[in-house]
Each structure stands twice: as C-alpha cells, then as structure tokens.
Amino acid sequence: MMPVIPETLVDLCKKRMQPYACEGFVYGRGPMCPAIMIVGEAPGETEIHNGMPFSGHAGKVLDQFFHYVGVEREDIYFTSTVRSRPYKIVQKKSRDDELIEKKYNRAPTLKEQFAHAPILDYELEHVKPKQLVTLGNIGLQRLLGRNYTISEVHGRLIHSKVRKLKDLDSNEWTWSEHTYSIFPTYHPASIFYNRSLEKDIYKDLDHLKKILKHSEKRLGHN
C-alpha cells in the first residue's frame, strides 16, 4: 500500500534525525480508516532492510496475537513512534578472538521521538483509525505521557486526547483536539525476555476481542 505521508514531511524528519545514531526509514503501512492502528516503538534491523513494519521476529509473534483476535494484517495500519532504527554499537569478540563491532537495537530517546513526531501526528489525523493499540511503554507514553506505564494500564481501554508536537520547530507537546480509543498492551518482543508475560498478553487480547466485537455491533446499529 502506498504511503500516506507527504515526502516533504519525510524529508523534514530525516533531516531532524541526522544528529542521532539511527539508520534507515520505514513508512507506515495499511489501509485508511483501519480497524486497528498499531503504534510501536521503532523498526529493527529486518524492517529497515525490507521496508516492512513488524516483519522481524517480533512481527511474527504479533501476527499470532492478531490472528487470535481475529484481525488480519490487511485490516491493520502499522506505525511506530520513531521510523528509523535507533542503534548502539557494542564491541564483541569473534570466534577467531578478534574484536568486532556490532549494531544492536535500543529504545529511542525523547529527542528522537520529537524528531519523528510530525509523522505520527499526521498519520493519526489522516488515517483515522477506529482503535489504537500501543505496544510497550514507548508507544503508550508517546501518546499519553510518562504518567502512564504499561505494567499498570495494559489491557485497559483508555479514551483520551493524545500528545502531538506543538509546532514543527518546537520540542514541546500539546494535546490533540480529537479523543481516541487507546488499548495498551505489552510489546511482542517482551516475551523473548520474560515468557511469563505471554499469559498477561493473551488476557489483554481477550479483552481487545470483546471491545472490537462490541464496536462492530454498535456501528452495525447506526
């Protein structure tokens, strides 16, 4: 599907990202007025090479989650807080005992989130999702602020205005005029490090399934 973001906005955000240790750029992907908009953290190594959001290991887990909910990829718009891959360089010894440098994913900083904020702001205004689903703390706090943590609010339906950049030249948040329906849950990659979270995630998904069915019935009566 063709990107909805104007290239002038993409170019602006790429320029704003230049001072930071980030690489590549991945467009959001999915239909207009989708059943769900996924707001993740940032692309990883796989995504920046193939240009497909959530196409790495975590993306395969995410596909399983939404197959369980009964929503296919074709009905989901995928985006993230930062559209480039934030990385850190770590020195490691190879099998030949040589010192090599490797890039590893890391969480995006607040400055990096500000740099890419206009893109997510634009998508929220123009894609018009019926339901937002945030993955992990980064997506959640990008929209609702740092008073929210995923461990406290996962699996809850939140109706709220969301944070957006005050203006293109500022590093300051303001609030949207529109109120969104937001459903936070854990990032699928979290189960790689803490398998016990999988049980909590599936409880969240059971709740999300009910929310989506209720929404379909309500819309069907209008």
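The values are calculated or read from the model by the stated rules, or taken from the named source; none is laboratory data. Predicted model, so just to flag it, every value in this text is computed and none were measured. FYI the Cβ positions are ideal-geometry reconstructions off the backbone, even for glycines, and counts take in every protein chain you see. When the accessible area is computed, the model is the full protein with side chains, heavy atoms only, and any ligands, DNA or RNA have been set aside. Shrake-Rupley method; radii C 1.70, N 1.55, O 1.52, S 1.80 Å.
Every condition in (1) surrounded by 18 or more Cβ atoms within 10 Å (Cβ to Cβ); (2) part of a helix (DSSP H, G or I) holds for residue 209 except the one numbered (1). Exactly one residue out of 170, 215 is part of a loop (DSSP other than H, G, I, E, B), hydroxyl-bearing (Ser, Thr, Tyr) and over 19 Å from the mean Cα position of the chain (by Cα), and it is 170. Of the residues in the stretch 33-43, none is modelled with pLDDT under 95 and over 27 Å from residue 208 (Cβ atoms).
Can you find even one residue in the stretch 185-192 that is in contact with a Lys or Arg (Cβ under 7 Å, 6 or more places away or on another chain) and either in a strand (DSSP E or B) or free of Cβ contacts under 8 Å to residues at least 24 places away in the same chain (or both)? Within the stretch 185-192, not a single residue is in contact with a Lys or Arg (Cβ under 7 Å, 6 or more places away or on another chain) and either in a strand (DSSP E or B) or free of Cβ contacts under 8 Å to residues at least 24 places away in the same chain (or both). On inspection, residue 34 passes the criterion of being touching a helix residue (DSSP H, G or I) at 6+ places or on another chain (Cβ under 7 Å) and surrounded by fewer than 23 Cβ atoms within 10 Å (Cβ to Cβ). Residues that are over 26 Å from residue 23 (Cα atoms) and of a type in the set (S, T, N, Q) within the stretch 105-156 comprise 131, 147, 149, 151, listed in sequence order.
Can you work out which of the residues in the stretch 57-113 that are of a type in the set (S, T, N, Q) and open to solvent by 20 Å² or more (accessible area, probe 1.4 Å) is modelled with the lowest pLDDT? My answer is 94.
Scanning the stretch 127-178 for residues that are loosely packed, with under 12 Cβ neighbours inside 10 Å and in contact (Cβ under 8 Å) with a residue 12 or more places away in the chain returns 159, 177, 178.
Those residues that are more than 23 Å from residue 117 (Cβ to Cβ) and either β-branched (Val, Ile, Thr) or more than 15 Å from the chain's Cα centre (by Cα) (or both), I need them from the stretch 67-91; list them, please. Residues satisfying the conditions are 67, 68, 69, 70, 71, 72, 74, 75, 89, 90, 91.
Within the stretch 90-127, can you find the residues that are in a helix (DSSP H, G or I) and of a type outside the set (A, V, I, L, M)? Result: 111, 112, 113, 114, 116, 118, 121, 122, 123, 125, 126.
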